[in-house]
Structures are given as structure tokens and as C-alpha cells.
1. At least 1 residues that are within 16 Å of ligand 2 (Cβ to nearest atom) and surrounded by 15 or more Cβ atoms within 10 Å (Cβ to Cβ) in each: list the strands (runs of 3 or more DSSP E) lying fully within the stretch 52-109 that qualify.
2. Which ones in the stretch 93-135 are hydrophobic (A, V, I, L, M, F, W, C) and more than 20 Å from residue 56 (Cβ to Cβ)?
3. So, residue 55, is that one modelled with pLDDT of 85 or more, hydroxyl-bearing (Ser, Thr, Tyr) and farther than 30 Å from residue 141 by Cβ or not?
4. Filter the stretch 110-132 for residues that are outside any loop (DSSP other than H, G, I, E, B), out of contact with any Ser or Thr (no Cβ under 9 Å at 6 or more places or on another chain), closer than 16 Å to residue 70 by Cβ and not acidic (Asp, Glu) and give the result.
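The values are calculated or read from the model by the stated rules, or taken from the named source; none is laboratory data. Remember, predicted model here, so these are calculated numbers, not experimental data. Neighbour counts run over all protein chains shown; Cβ positions are idealised from the backbone, glycine included.
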Amino acid sequence: MGGLVGPNGPGGFTSKENEEAADRKLKTAGLSTDEEPGTGEGVNVAPVVRIISPTDTSTVTGTVVVRVDASDAEDYLGTLWVEVSTDGGATWNKAEWALGSFYDYQWQTPVGAADAQFTLVARAADKSANETQSAAVPVIVNNDETGKFASVAF
Ligand SMILES: [Ca+2]
Ligand SMILES: [Ca+2]
């Protein structure tokens, strides 16, 4: 997100002055600063995110709950922005907070096509726009190949 002034930003501020100015802007806007209490030079770390279901290389069908475990040192549980991609990161769908650190996305797998591999990826952003992308989880969608059964040779 924009708004932060870089170390060589306008006005000839030092890096420290820029940081303080940026924090004042965030406070004015009612947002958090990157400060941790007592340190004055705190770092707002990026969320930790991973897909816990379905598991790597599992076979799925129908409606699948893609469950993401996402947590953050500075954000309360349930307040992260979490998205799931089923195409390796090309397109994203919002996951809804379920409980604890879990966020779920209800994935309607395609029906009527040939079985195929899909690559699940999740990403989570905290309120300071730090973003983390999970490891990819490949899964096989076993579709209902209507009309194909007659031609299957056993
Ligand atoms: Ca954070
Ligand atoms: Ca099939």
C-alpha cells in the first residue's frame, strides 16, 4: 500500500523522520503503526500462512473446503485478509474466517471434464499490507465424467 515515504523521499527527511511522519499519518487515519510497544523501532512481521486441507497430492471431488491456517503476530485472529487460488495464483477467491486461525474457501470443483491436477495456493495480508503466500498444494480433481463410463475398457 502507498503512503509510506521511502528513505530518500521528498522533503529531505532522514529515514527516522520519514518513519515518524508515516506513523503519524497512519495514526491520523486510525490505522496501526509499525511500532511495537516499548521498542520504537518495531517491525510488523508478515503473516504465516499454509493450506492444511486438502493435503498435498490428494484426490478431491465435488465441493471442497480449502482450509487455510493463517496467523499474524500483530493482528487478532480472524482479522487477516485471506485468499485462495485454485489455479496456481492466476486468480484469487476470498476465504472466510472459520474459527481460530482457520479461513475456509468453498471450492466448487469443475464437473464433467477430464480429471486434472489443480494447484492450490493461499495468501494472507495483515492490516499493514504485509502479505505472505503459502506453499503450493497440488491436488487431483476426480470429476464425474458423465457418459464416459460406457467407453471405459476394463
Ligand atoms: Ca503483521
Ligand atoms: Ca474421474
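1. Details: elements: 63-71, 81-85, 96-99, 102-108.
Of the strands (runs of 3 or more DSSP E) lying wholly inside the stretch 52-109, those with at least 1 residues that are within 16 Å of ligand 2 (Cβ to nearest atom) and surrounded by 15 or more Cβ atoms within 10 Å (Cβ to Cβ) span 63-71.
2. Filtering the stretch 93-135 for residues hydrophobic (A, V, I, L, M, F, W, C) gives 95, 97-99, 102, 107, 111, 113-114, 116, 118, 120-122, 124-125, 129, 135.
Answer for the stretch 93-135, where residues must be hydrophobic (A, V, I, L, M, F, W, C) and more than 20 Å from residue 56 (Cβ to Cβ): 97, 98, 99, 111, 113, 114, 125, 129.
3. Values: modelled with pLDDT of 85 or more: yes; hydroxyl-bearing (Ser, Thr, Tyr): yes; farther than 30 Å from residue 141 by Cβ: no.
Considered against the rule, which asks whether it is modelled with pLDDT of 85 or more, hydroxyl-bearing (Ser, Thr, Tyr) and farther than 30 Å from residue 141 by Cβ, residue 55 comes out as no.
4. 132 - this is the single residue of the stretch 110-132 that is outside any loop (DSSP other than H, G, I, E, B), out of contact with any Ser or Thr (no Cβ under 9 Å at 6 or more places or on another chain), closer than 16 Å to residue 70 by Cβ and not acidic (Asp, Glu).
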